[in-house]
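Any read-out appearing in this document is the output of simple, stated calculations on the displayed coordinates, not a laboratory observation. Since this is a predicted model, take the numbers as computed values, not measurements. Here the Cβ is made from the backbone with ideal geometry for all residues, glycine too, and neighbour counts use every protein chain on show.
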Amino acid sequence: MSPFDLHAHSTISDGTLTPALLVARAVARGLDVLALTDHDDTAGVEEAQRAAAGTALRVLPGVEISVTWESRTVHIVGLNVDVENAALVAGLAGIRAGRDARARRIAESFARANIHGALEGAKRHVTSERLISRTHFARFLIERGHARSMQDAFKRYMRAGRPGHVEHAWAALGDAVSWIHAAGGQAVIAHPARYGLTATRMRRLLGEFRDLRGDAIEVFSPSHTLAEAEDSARCARVFGLLASTGSDFHDPDESPLDLGALPPLPLGLAPVWSRW
Ligand code: AMP
Ligand code: MN
Ligand code: MN
Ligand code: MN
């Protein structure tokens, strides 16, 4: 167990617990610090902080920003952000606005593969009118018997060459980092090993991120094997980045890691919280 969990989702994006229930779970599991990092929205932070008042838990205002970098989707977590910062608020609203049209295109792609009613089906799983994600489509696919699990849904669908895959342009990397910094936060590359980058591309991403004054990289994540976590730790040392850790929790049954179910960071790394 780690007393810090710096990556978690609520019903404000594609998690299934409300911010208050997520906080109750973090309190019950004895966490000291939980960052609420919903995709492209900070609307859950106030409820989460209210729920943590009077407990030993500190809730950090966070967000996970969807970015397109060299034609690939990369996620940048912002920690300790001022959720009222105008640049951040406008940037996130712009990203969310693109999600509705994308969802329609995803549904059209499913229809061409003879999977009908996907948009309506996904919308039944949506928990915030502000955001629809592929996770909601995945839950629809499982419900209809097109996939056995979340992992299976993403293995069979919604990736390059598969039904439900569409191209989409998210925010630019430099914009995401600058919104986070404008809001006084720290920018973290989420689950770096998940992007399937070659070593050369990974070095390019980390170099660009460092030149943009990006702050940290996630070392532990359910998307990482132990070897990948060690690799991320090495990248943190080589590029002089701080280290972060997070369960990427979405749901008690779906998620491979529960809140705080993370090993201690390897020695020799400066944790992102050393700057708080
Ligand atoms: P979106 O931002 O709409 O593209 O949805 C991305 C979300 O899908 C991620 O945040 C995860 O919650 C989920 N996801 C993507 N790939 C996988 C996977 N292989 N297994 C489980 N969940 C996944
Ligand atoms: Mn998600
Ligand atoms: Mn992510
Ligand atoms: Mn996440």
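Here's the picture: charge each Lys and Arg Cβ at +1 and each Asp and Glu Cβ at -1 in region 1-114, and of A28, L17, A51 the one pushed furthest to the positive end of that dipole is L17. Among beta bridges identified by DSSP and lying wholly in region 1-140, the antiparallel ones come to about 55 percent. Peptide packing: for 3-13, 58-68, 93-103, the average count of neighbouring Cβ atoms within 10 Å per residue gives the ranking 3-13, 58-68, 93-103, highest mean first. Give the angle, between 0 and 90 degrees and rounded to the nearest 10, that separates the Cα long axis of helix 226-239 from the longest principal axis of the Cα atoms of the chain. With both axes taken from Cα atoms, the answer is about 60 degrees.
All other residues whose Cβ lies under 15 angstrom from that of L131 are scored, Lys and Arg at +1 and Asp and Glu at -1, for a net of +2.
In Å, what Kirkwood hydrodynamic radius results for the chain from the alpha-carbon pair distances?
Working: mean 1/r = 0.0531 Å⁻¹.
One over the average 1/r among Cα pairs gives 18.8 Å for the chain.
For region 97-181, the convex hull drawn through the C-alpha positions has a volume of 110 cubic angstrom per residue. Comparing mean-square fluctuations of A176, A24, A53 from a GNM of the chain with C-alpha springs under 10 Å, the top value falls on A53. To the nearest ten degrees, helix 86-112 and the longest principal axis of the Cα atoms of the chain are 30 degrees apart. The Cα center of region 86-135 and the Cα center of region 228-259 differ in position by 26 Å.
The Stokes-Einstein estimate for region 103-245, based on a Kirkwood radius over Cα pairs and taken at 10 °C with 1.306 mPa s viscosity, is a diffusion coefficient of 93 µm²/s. Placing +1 on the Cβ of every Lys and Arg and -1 on the Cβ of every Asp and Glu, with no other charges, gives region 60-151 a dipole of roughly 500 debye about its Cα centre.
Compared with the dominant principal axis of the Cα atoms in the chain, helix 173-182 is inclined by about 50°.
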